[in-house]
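Undergrad: Let me begin by handing over the structure; questions about it come next.
The values are calculated or read from the model by the stated rules, or taken from the named source; none is laboratory data. Given the structure is predicted, the values throughout are model-derived calculations rather than measurements. For neighbour counting, all protein chains shown are included, and Cβ atoms are generated from backbone atoms with ideal geometry for every residue, glycine included. Accessible surface is based on the protein model in full, side chains and every heavy atom, while ligands, DNA and RNA are left aside. Shrake-Rupley method; radii C 1.70, N 1.55, O 1.52, S 1.80 Å.
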Amino acid sequence: MKKKLVVLTGAGISAESGIKTFRDSDGLWEGHNVLDVATPEGWHKNPALVLDFYNQRRKQLKEVHPNLGHQILAELENEFDVFIITQNVDDLHERAGSTNVLHLHGELLKVRSTKNPNYILDWQDDLNFGDCDENKNQLRPHIVWFGEEVPALDQAIRISEGADYFAVIGTSLQVYPAAGLIDFTSRETPIFYIDPKPIKIPNLRNPLDVIPEVASEGMKTLKKKLIGFI
């Protein structure tokens, strides 16, 4: 039976594909204050701005490709039972070939009803005013904005609890509740932390292996380490 590898990924792995992260630029995301484009208040204040912002992100996503970090994670499914929990809203893990991907913060290529959170549609192109659900309610980006609940959190916790190995890749470990998933692993579960500027993880009970590299290089190192356990 394959060992279970759980991987928490963040903006750092997608950044190597050309997708920008607001945490590297004083709270600006593609030139916008995140409060204006990634909160319910921003949506109610200026929905046209929010729709345009995510339409531009959707177009950008079509111009980028998975990088080596994504590809190695997909390849590891040959040796491990891999579950990816990602804070990213892009589809680069899926396009690289990973088959078990849970998006904590929503998906850029999906939209949902403003009134019924369970009414979710795949969406490749622009989302405009007048695009509605079956009851004529406006559709919105299927993104978990700041201040909103994380519907996939319970599933992410269950996945983390069963990990034989847990890897953290390209995330600052500053965004909760995602950063707290490590606390749900068994004490014996090794934690691998890939980040060019790793921070100290407070109160960590687990064995820790820090790999201070960017995601693509760090994944090469991690793969060698994990294969060595087989």
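Undergrad: Calculate the spin-label point distance for LYS2 paired with ILE120, positioning each point 7 Å from the Cα along the beta-carbon direction, and give it in nanometres.
TA: Label-label distance for ILE120 and LYS2, simple model: 2.3 nm.
Undergrad: Using R₀ = 25 Å, calculate the FRET efficiency as 1/(1 + (r/R₀)^6) where r is the Cβ-Cβ separation of GLU63 and ASP36; round to 0.05.
TA: 0.60
Undergrad: Hey, what's the Cα Rg ratio for the range 171-230 versus the globular rule of thumb, 2.2 N^0.38 Å?
TA: 1.14
Undergrad: Going through the cross-link list LYS200/LYS224; LYS2/LYS115; LYS4/LYS200; LYS3/LYS59; LYS115/LYS197, which pairs have a Cα-Cα distance over 32 Å in this structure?
TA: LYS2/LYS115; LYS3/LYS59; LYS115/LYS197
Undergrad: Right, here's the next one. Please state the charge dipole magnitude for the chain, taken about the Cα centre, from unit charges on C-beta atoms (+1 on K and R, -1 on D and E), reported in debye and rounded to the nearest 20.
TA: The calculation lands at about 400 debye.
Undergrad: Among SER160, THR189, HIS65, which residue has its Cα furthest toward the positive end of the charge dipole of the chain, with +1 on Lys/Arg Cβ and -1 on Asp/Glu Cβ?
TA: Sorting the options by dipole projection puts first THR189.
Undergrad: Using only alpha carbon pairs under 8 Å that are at least six residues apart, calculate the relative contact order of the chain and give it in whole percent.
TA: In percent, rounded to a whole number, it is 23.
Undergrad: Next question, about the same structure. Please list, in order along the range 192-206, the HN-Hα scalar couplings obtained from phi with the Karplus expression 6.51 cos²θ - 1.76 cosθ + 1.60 (θ = phi - 60°), rounded to whole Hz, x for Gly and Pro.
TA: Here the 3J(HN,Hα) series is 10, 10, 9, 6, x, 10, x, 9, 6, 8, x, 6, 6, 8, 8 Hz.
Undergrad: Report the antiparallel proportion of the DSSP beta bridges in the chain as a percent, rounded to a multiple of 5.
TA: Antiparallel: roughly 30 percent of the beta bridges in the chain.
Undergrad: Next question. How about the range 124-171: which GluC sites (Glu not before Pro) there lie in a loop by DSSP and see at most 16 other Cβ atoms within 10 Å?
TA: Listed in order of number, the matching sites are GLU134, GLU148, GLU149.
Undergrad: Comparing ASN118, ASN100, ASN128, which has the greatest mean-square fluctuation in the GNM of the chain with Cα pairs linked when under 10 Å apart?
TA: ASN118
Undergrad: Quick one: Cα centre-to-centre distance for the range 172-216 and the range 86-131, in angstrom?
TA: With the range 172-216 and the range 86-131 each reduced to a Cα centre, they are spaced 26 Å.
Undergrad: Report, in deg cm²/dmol and to the nearest 500, the calculated mean residue ellipticity at 222 nm for the chain, where each DSSP H run with n ≥ 4 adds -39500 (n - 2.57) and the sum is divided by the residue count.
TA: Per the formula, -7500 deg cm²/dmol.
Undergrad: Could you work out the Kirkwood radius for the chain, taking every pair of different alpha carbons, averaging 1/r and inverting it, reported in Å?
TA: Across the chain, the inverse of the average 1/r is 18.3 Å.
Undergrad: Could you check which residue among ARG140, ARG57, ARG95 shows the biggest mean-square fluctuation in a GNM of the chain with a 10 Å Cα cutoff?
TA: Highest fluctuation among the options: ARG95.
Undergrad: Send over a whole-number figure in Å² for the accessible area per residue of the chain, probe 1.4 Å.
TA: Per-residue accessible area for the chain comes out at 50 Å².
Undergrad: Roughly how many percent of the accessible protein surface of the range 181-223 is carbon and sulfur, given a 1.4 Å probe and a whole-percent answer?
TA: Of all accessible area on the range 181-223, carbon and sulfur atoms account for 54 percent.
Undergrad: Probe radius 1.4 Å, ligands and nucleic acids ignored: give me the carbon and sulfur share of the accessible area of the range 15-108 as a rounded percent.
TA: 48 percent
Undergrad: Can you list the lysines whose alpha carbon is less than 20 Å from that of LYS62, not counting same-chain residues fewer than 8 positions off?
TA: LYS20, LYS110
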